[in-house]
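A quick write-up on the structure given underneath.
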Amino acid sequence: MADQAHNAQPSSVDGQTRRDFLLYATSAVGVVGTGIALWPFVHSMNPAADTLALSTTDVDISAIKPGQSVTVVWRGKPVFVRHRLPEEIADAGKVDVASLREPQKDGDRAKKPEWLILVGVCTHLGCVPLGQKPADPKGEFGGWFCPCHGSHYDTSGRIRKGPAPANLPVPPYQFTSDTTVRIG
Amino acid sequence: MSGFKSNNKVVNWVEERLPIFSMMQHSAIDYPTPRNLNYWWNFGSLAAVMLIVMILTGLFLAMNYAANTAIAFDSVERIMRDVNYGWLLRYLHANGASMFFILVYIHIFRGLYYGSYKSPREILWFVGIAIFLAMMATGFMGYVLPWGQMSFWGATVITNLFSAFPLVGESIVTLLWGGFSVDNPTLNRFFALHFLLPFVIVGLVVIHVWALHTVKSNNPLGIDMKGPQDSLPFHPYYTIKDLFGIGVFMMFYLAFVFWAPNFFGEPDNYIPANPMVTPPHIVPEWYYLPFYAILRAFTMDIWIIPAKLQGVLAMFSAILILFALPWLDTSKVRSAKFRPLYRQFFWLFLADCLVLGYVGGKPAEGVLITVGQLCTAYYFGHFLVILPLLGLIEKPKPLPASIAQPVTKAAAILVALFIGLAGMSGEALASSGAGPALKKPDGGFSWEGVFGAHDKAALKRGWQVFHDVCANCHAMKLVSYRNLADIGFSADEIKVIAAEKEVQDGPNDEGAMFNRPARASDRIVPPFANEKAAQAANGGALPPDLSLMNKARTNGPYYVYSLMLGYEDAAPEGHPIPEGKMFNHYFPGNAISMPPPVMDDIVTYTDGTKATKEQIAKDVVTFLNWAAEPELDARKSMGVKVMIFLAGLTALMYALKRQIWKDVH
Ligand code: FES
């Protein structure tokens, strides 16, 4: 390189230090700037404002008879709304919570015991479990059964057997009147 | 390639199997480059950077764009409004196209000036022209995608060019369209091709660089490198020089992105495509204007060749003639530095192209037709007559024996050029407005200037006017109630505002549609169920949607402000207007259906501001501007930060460049 020939002279040693300093400073600033510039690209792939705004679904529950279930769509996912029978509620309450894979009391999963509301997506790898229709297999615990890899959920939607790691999640919801629920 | 050695085992292991390190060493580090390249040689690498920026931004835009005529326009607006940093990506891409062409035009004219197309660089030059052609096709199809008025009519006009060819013309056009007009199939295939072509360009660029590295760079003196004393290794000398150039260029580019993002665009393209109505003045993007002028220069059928075919042939020939340039230019001397006559004709030719560009952007009327024709004749004369003759009659100055002499160019030339360009386009823009001078509000609008932002209080007042007055007739379909949070409404206030209106939802479990109060996530509910209902209720005239009004008219904010205050009680002498219309000084044709929308005290401001009609007009224009450019505040404040950063980085690169080059000068 052209200036290495002059390294012996004091002025050029200064020059070399100055050059190294400039090189490191420029590279550092340039790399940081490029990194920051990439963020808008990455962030553009996150949910957009309109997607985030589609937040709530209203469900009319007046027509759901005890023992029946309906499936509604919330944020593009199925949500199970189950009008539970007294024996189902009793079953769910009897379980020894400490023995569960994800210990949760049934009372903490339903605001009104007769209404169980769950995100109907298996916590294993995302299939929709069976158990909503009368003829569906409901698994060994009378709740839901995921056919993909055999996860069994109980009448509180808690994982009891099979590979799924967690209970079916409870979405945020409120009873806006005696007959309607707003999910989200 | 033999010179490559490394102490790293992994590197050597790879190198033995794939000689990628020696290739990089050879072509990006050791590559012998003439030591006297001036800043005009920066534009090739700049164009390469721009290509990368275009592909990156385009890729992420494509993730959110929908190539379907029913939703294409709205999907672009969703990118602008809802996608995170979507406005940044789109403005980078849209302005990037113009930047790419600016860079490539400079690159081409640099080649013309210094004779870079002459032996042995003919193939290098051909590949360059192929890149230029591919860019034109890509740019054209990209401009169609937003599916605005200019998109649609540009696509119609350009595809119809092919109908000029006898016998096969009509079939070609039908084939291009995939139907009987520009429609959904056309949009779909244009999107597919617009995605493909940039990668074709990448391939061509690789060949371009390959050819370059085979024949080596030309230089300002146009003489060959005779030995090592004439050259420098590409790295670090030209890597740092190119990087410094990129810094300067980025500041120029981003100034448009952050402060004048629609400078190169046409307001009409913010009006959704309408196959029933052609805008009064159709222009292609600026980078096609010279060729557009050549197309229009032919107005008379000659013998059996109709004018339409002549124009189309001439337009294609204007580009294709560049392929013959290495032989049309008969002079053996490359650089215009040593060609006193050619140098003058070069500048004449450049001026001719600029005039053609100017003519192409104007309506084909009056003297401009003749000017366009003369310039077209000169364009071809330059190649077919002047260049061949010059080589014979010109006496070139003596060429220096070798390159090894001081390099004297400075960034000043670059700056002067940028200023000239900006000034030129600014002038073109200013002179394109017709009609009386627009009114300006006292004190101007709050969002003007480098640091300007929308005035929050004016936005809230403007919303009140829109809500109480405008919204009785006008829709604002692209804005949702939730967006009102931007102008200072709380979530609860927005719920109340939204719940004033009902929207249709459903079907419910019985299969019936039902009405429910609007929610924050709903779009602002339009006053009429559909366009027909709106027309019927307004005497046949459709009140336009106001979402993009400020961007969809030339000088939008001033136009809307003037229009609202531009009414006359009775039409002035000599300007009869039809029954049932109002006279307005600023409306095209003066006869407007909308009654004067603002009057003193038509609203009572909750913040106590006196509701004069000027105040009302100014407030509502502020609100409309927010509706059209909700990203404006964020855009400008980001711009300031980015510019400060870039200025620092570029200064560092300049200092480093000085340090690296100090022993060469
Ligand atoms: S996804 Fe349900 S068990 Fe695997």
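The values are calculated or read from the model by the stated rules, or taken from the named source; none is laboratory data. Worth saying up front: this structure is predicted, and the values here are computed from it rather than measured. Because the Cβ atoms are built from the backbone with ideal geometry, glycine has one as well, and the counts that use them run over all protein chains shown.
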- Restricted to region B:171-204 and to residues being among the β-branched types (V, I, T) and buried (at least 18 other Cβ atoms within 10 Å of the Cβ), the residue farthest from B:A155 (Cα to Cα) is B:I201
- Give B:L624, B:L649, B:L632 a once-over and let me know the one that is in contact with a helix residue (DSSP H, G or I) (Cβ under 9 Å, 6 or more places away or on another chain), within 29 Å of B:N262 (Cα to Cα) and within 11 Å of another protein chain (Cβ to nearest Cβ). B:L649
- Message: Cβ-Cβ distance below 9 Å, separation of 6 or more or different chains: which pairs start in region A:107-132 with a residue that is free of Cβ contacts under 8 Å to residues at least 12 places away in the same chain and under 16 Å from A:D154 (Cβ atoms) and end on one that is away from the ligand (no atom under 16 Å from the Cβ) and assigned to a loop (DSSP other than H, G, I, E, B)?
- Response: A:D108/A:V170
- Message: Given the condition surrounded by fewer than 17 Cβ atoms within 10 Å (Cβ to Cβ), within 8 Å of the ligand (Cβ to nearest atom) and more than 22 Å from A:P66 (Cβ to Cβ), answer yes or no: does some residue in region A:128-142 qualify?
- Response: no
- Scanning region A:143-157 residue by residue, those surrounded by fewer than 24 Cβ atoms within 10 Å (Cβ to Cβ) and not in a strand (DSSP E or B) turn out to be A:P147, A:C148, A:H149, A:G150
- Return the residue satisfying two criteria in turn: it lies in region A:158-183 and is surrounded by fewer than 18 Cβ atoms within 10 Å (Cβ to Cβ) and part of a strand (DSSP E or B), and of such residues it is nearest to the ligand (Cβ to nearest atom). A:K161
- Note on the structure: Given the conditions (1) within 30 Å of B:N84 (Cβ to Cβ); (2) part of a loop (DSSP other than H, G, I, E, B); (3) within 14 Å of another protein chain (Cβ to nearest Cβ), every one holds for A:D58 apart from (2)
- What about B:Q344, is it of a type outside the set (A, V, I, L, M, F, W, C), assigned by TED's automatic domain parsing to the domain that holds B:F383 and within 29 Å of the chain's Cα centre (by Cα)? no
- Residue list for region B:496-524, filter: more than 33 Å from the chain's Cα centre (by Cα), assigned to a loop (DSSP other than H, G, I, E, B) and aliphatic (A, V, I, L, M): B:A512, B:M513, B:A518, B:A520
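The rows are residues; the columns are (1) within 12 Å of another protein chain (Cβ to nearest Cβ); (2) more than 26 Å from B:A634 (Cα to Cα); (3) of a type in the set (F, W, Y).
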{"site": "B:Y481", "(1), (2), (3)": "yes, no, yes"}
{"site": "B:V496", "(1), (2), (3)": "no, yes, no"}
{"site": "B:Q504", "(1), (2), (3)": "no, yes, no"}
{"site": "B:I524", "(1), (2), (3)": "no, no, no"}
{"site": "B:E531", "(1), (2), (3)": "no, yes, no"}
- Query: Mind checking whether some residue in region A:78-90 is facing another protein chain (nearest Cβ under 10 Å) and more than 30 Å from B:Y654 (Cα to Cα)?
  - Reply: no
- Consider A:G30 carefully, then state whether it is facing another protein chain (nearest Cβ under 10 Å) and either at pLDDT below 90 or assigned to a helix (DSSP H, G or I) (or both). yes
- Going through region A:143-157 one residue at a time, which ones are within 12 Å of A:F80 (Cβ to Cβ) and within 14 Å of the ligand (Cβ to nearest atom)? A:G143, A:W144, A:Y153, A:G157
- Look through B:F645, B:F583 and report the one residue that is in the same structural domain as B:Y559 (by TED's automatic domain parsing), farther than 18 Å from B:G444 by Cα and not in a loop (DSSP other than H, G, I, E, B). B:F583
- Does B:S98 meet the test of being surrounded by fewer than 21 Cβ atoms within 10 Å (Cβ to Cβ) and in contact with a Phe, Trp or Tyr (Cβ under 6 Å, 6 or more places away or on another chain)? yes
- Residues that are surrounded by fewer than 22 Cβ atoms within 10 Å (Cβ to Cβ) and away from chain A (no Cβ under 12 Å), drawn from region B:69-92: B:T69, B:A70, B:I71
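Tell me whether region B:421-439 contains one or more residues that are modelled with pLDDT of 70 or more, surrounded by 15 or more Cβ atoms within 10 Å (Cβ to Cβ) and under 31 Å from the mean Cα position of the chain (by Cα).
For region B:421-439, residues modelled with pLDDT of 70 or more, surrounded by 15 or more Cβ atoms within 10 Å (Cβ to Cβ) and under 31 Å from the mean Cα position of the chain (by Cα): present.
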- Query: Among the residues of region B:238-245, is any within 14 Å of another protein chain (Cβ to nearest Cβ) and of a type in the set (V, I, T)?
  - Reply: yes
- Might you check whether a residue that is crowded, with 16+ Cβ neighbours inside 10 Å, within 16 Å of the ligand (Cβ to nearest atom) and more than 27 Å from A:T56 (Cβ to Cβ) occurs anywhere in region A:103-123? no
- Residues satisfying the stated conditions in region B:266-322, i.e. in contact with a helix residue (DSSP H, G or I) (Cβ under 7 Å, 6 or more places away or on another chain), exposed (fewer than 15 other Cβ atoms within 10 Å of the Cβ), farther than 18 Å from B:C375 by Cβ and touching a residue at least 40 places away in the same chain (Cβ under 8 Å): B:N274, B:P275, B:T278
